[in-house]
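Scroll down for the structure; my scribbles are underneath it.
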Amino acid sequence: MRTLLVTGPGGAGRTTLAAATALDAARRGRRVLLVGDAPADWFRGEECVERGLLAVRRVDPGAHFRAEVLALQEHAAAAFELLGAARLDDEELTALPGADRFAFLKALREAARDEPDLLVVDLPPLPDAVALLALPEQLRRYLRRLLPPERQAARALRPMLAQLAGVPMPAEWLYRTAARWDADLAAVQDLIDAPDTGVRLVVEPGPAAAAALRTARAGLALHRVALDPVVANRVLPTTSPDPWLAALAAEQQAHLKDLRDEHEQVHEVAHAGPAPRCADALAALGPLPPADTAPAPAPEWEVEDRRDTDGVLVWRVPLPGAAKPDLGLVRRGDELVLTVGPFRRIVPLPSALRRCTVSGASLRDGVLGVRFTPDPGLWPRTP
């Protein structure tokens with residue numbers, strides 16, 4: 001299954017191009033699932049929809065939030081009754097800020113179960129899209145810390161503990177719920193990490209386009225997600241006789257050059273005039289980057305052994321688009337906390353580096369090199 005995750009700055013046209021990409025693939029006979037905010041009436045009467053080649057699934061954060069809260073109430077009914085809490089009804093529940101991210105994770109899990117030929121996902125704007133892609137790994141880490149699976153070994157003691165406490169012990173259903181969440185999050189993580197998954201960035205050539213591309217490249221590289229060709233949307237023709245349009249087109253061309261300096265694959269989509277609102281208008285946007293071609297894999301994080309020359313091991317972390325003032329680096333036990341601008345990731349150290357101390361770091365040509373000096377008290381001694 002090929003998965004195409006579409007994002008970009010707000011207003012750049014990512015929803016339109018996600019819909020156009022899904023429609024183009026479905027018209028060519030691929031079985032496509034489009035997840036996101038594209039209205040279903042854009043495809044009303046479309047033959048590929050009627051043939052079952054194109055399905056559109058909207059994300060409903062409100063419905064997901066209500067379902068999860070009501071399920072929690074049912075599981076924890078005894079504890080809530082003990083506290084004298086009044087139950088919440090479906091009609092009075094309103095999704096809280098951030099609920100859309102969890103609804104997206106559920107939509108991705110369900111889409112992975114469907115296994116279409118092509119999955120096109122209209123993600124939120126940057127940088128929320130990168131934060132969403134990082135969420136499964138973060139949540140699984142929290143679950144392992146807060147509810148370690150090995151603690152379930154005390155299951156036989158729960159009846160006795162319940163008698164001593166005088167209240168039912170909720171641990172069993174809590175661990176079952178955590179295990180279900182972990183399995184669902186692992187499935188979404190597998191989808192994001194799959195070699196056929198890539199992020200397609202949609203930008204409109206302008207002053208903020210190159211900065212958006214740098215943000216996307218750094219955030220995606222931090223989480224090792226591949227970047228597809230960048231789509232420059234609403235490109236004006238350079239042959240207009242109108243001086244005002246010609247000046248705008250020239251300004252766009254300058255920004256397009258900046259984009260190409262940042263990323264070697266930039267695909268232009270011509271300005272379509274009024275925003276497309278039907279299938280034929282989406283198809284008229286012109287040729288789009290191929291959706292069937294898997295992206296180039298994200299660069300590997302490699303450990304270079306330089307003990308013979310410099311006495312250190314160097315962990316090389318590719319972070320294209322990152323800038324030195326935006327970098328943060330903290331050693332935390334056997335983990336490394338990496339911060340790149342608004343993004344943060346906690347990664348386990350390779351086994352060899354856990355027996356070392358951090359002795360420095362540098363960023364050169366988009367690659368962060370973290371130097372580790374072997375700890376004599378932990379490193380194996382050679383005769």
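Only the coordinates and a few stated rules stand behind these numbers; no lab work does. Since this is a predicted model, take the numbers as computed values, not measurements. Cβ: placed from backbone, ideal geometry, glycine included. Neighbour counts: every protein chain shown.
Below are the figures for this structure:
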item	result
Order by protection proxy (mean Cβ within 10 Å, highest first), peptides 283-291, 329-337, 119-127	119-127, 283-291, 329-337
FRET efficiency, Glu81 to Asp117 (Cβ-Cβ, R0 41 Å, nearest 0.05)	0.25
Mean-position separation - Cα centroids, region 252-292 and region 306-349, in angstrom	35
Furthest towards positive pole of dipole, Leu4, Leu132, Ala186, structure part the chain, Cβ charges	Ala186
Bridge type composition, the chain - antiparallel percent by DSSP, nearest 5	55
Trypsin sites (Lys or Arg not before Pro) restricted to DSSP loop in region 257-319 with at most 14 other C-beta within 10 Å	Arg277, Arg307
Ordering of 106-115, 245-254 by burial proxy (mean other Cβ atoms within 10 Å per residue, highest first)	106-115, 245-254
Principal axis dimensions, the chain - Cα atoms, whole angstrom, descending	84, 66, 35
Where a label projected 7 Å from the Cα of Arg316 along Cα→Cβ would reach, residues of region 290-305 with amide N under 16 Å	298-305
Most positive-pole-ward Cα, Trp301, His75, Leu319, against dipole of the chain from beta carbon charges	Trp301
Net dipole in debye of the chain [+1 Lys, Arg Cβ; -1 Asp, Glu Cβ; about Cα centre; nearest 20]	1260
Span-like helix ranges in the chain, DSSP H, alpha carbon extent 15 angstrom or more, Kyte mean at least -1.0	14-27, 61-75, 99-114, 128-146, 171-193, 209-222, 243-262
Selection from Ser240, Gly219, His255 lying farthest towards where the dipole of region 216-263 points positive, charges on Cβ	Gly219
Sorted peptide list for 186-192, 297-303, 38-44, criterion being average Cβ within 10 angstrom, highest first	186-192, 38-44, 297-303
